[in-house]
Amino acid sequence: MKEFEPVIVAFCCHYCAYTAADMAGTMRLSYPPNVKIIKVPCTGKVGGVHIMRALEKGADGVIVAGCLEGDCHFKDGNVKAAKRVSYVQKLLDEIGMGPERVEMVTLSAGMGERFARIAAEFTESVRALGPNPVKEAPAGRARAAAASS
Ligand code: FES
């Protein structure tokens, strides 16, 4: 049987986290291809709805990665994002999915190594959790299931 390969969505702010991910690439540090990066202007633009939608649409885990505290280029977007992530974690806990599928991290632009390590560790922790139980079935499978019932 094929090993479960988690899909991880990483919302990375343009100024620090995305640059750190880019630096990881420049430094030829490998991190799992499971991590799909979505560049956002600031993590302050990432709402709970975006995180929940990512989980609904197929992500097994979500990382919100922003600037270090005090370094947000939009003043306090990362602080707001941390509060939203915490709220989503509580919701996930209440519905029995576990809060571990969503994580907030902060990085400076020069932390390529840290980005690669976080990406690898988070991928492994989500792999251990197993597939996200609420993600939509792929369209083909959903149609086949509907046709057979
Ligand atoms: Fe990076 Fe706001 S600009 S978190």
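Please report the spacing between the Cα centers of segment 1-65 and segment 120-137 in Å, no decimals.
13
Helix 112-129: angle to the longest alpha-carbon principal axis of the chain, degrees 0 to 90, nearest 10?
20
If I fit a long axis through the Cα atoms of helix 17-26 and take the longest principal axis of the Cα atoms of the chain, what angle between them do I get, 0 to 90°, rounded to 10?
Taking Cα atoms only, the helix is inclined about 90 degrees.
State the volume of the convex hull built on the alpha-carbon positions of the chain, expressed per residue in Å³ and rounded to an integer.
Details: hull volume 17.2 nm³, N = 149.
That works out to 115 Å³ per residue.
With a ≥ b ≥ c the root eigenvalues of the C-alpha gyration tensor of segment 94-139, is it rounded (a/c under 1.5), prolate (a/b larger than b/c) or oblate? Mind dumping the intermediate values first?
Details: a/c = 2.48, a/b = 2.10, b/c = 1.18.
Prolate shape, in that a/c is at least 1.5 and a/b is the bigger ratio.
How large is the helix-only mean residue ellipticity at 222 nm for the chain, computed as the sum of -39500 (n - 2.57) over DSSP H runs with n ≥ 4, divided by its residue count, in deg cm²/dmol to the nearest 500? Could the numbers behind the result be given before it?
Details: 5 runs with 65 residues, N = 149.
Calculated at 222 nm, the ellipticity per residue is -14000 deg cm²/dmol.
Tell me the angle of helix 77-94 to the major Cα principal axis of the chain, expressed in degrees between 0 and 90 and rounded to the nearest ten.
Compared with the principal axis, the helix lies near 30 degrees.
Rounded, prolate or oblate, given the Cα gyration tensor of segment 1-40, with a/c below 1.5 counting as rounded? Walk me through the numbers before you get to the answer.
Working: a/c = 5.28, a/b = 1.63, b/c = 3.24.
Verdict is oblate for segment 1-40.
Just so you know, all these numbers are worked out from the coordinates, no wet-lab data involved. Not measured: the values here are computed from a predicted model.
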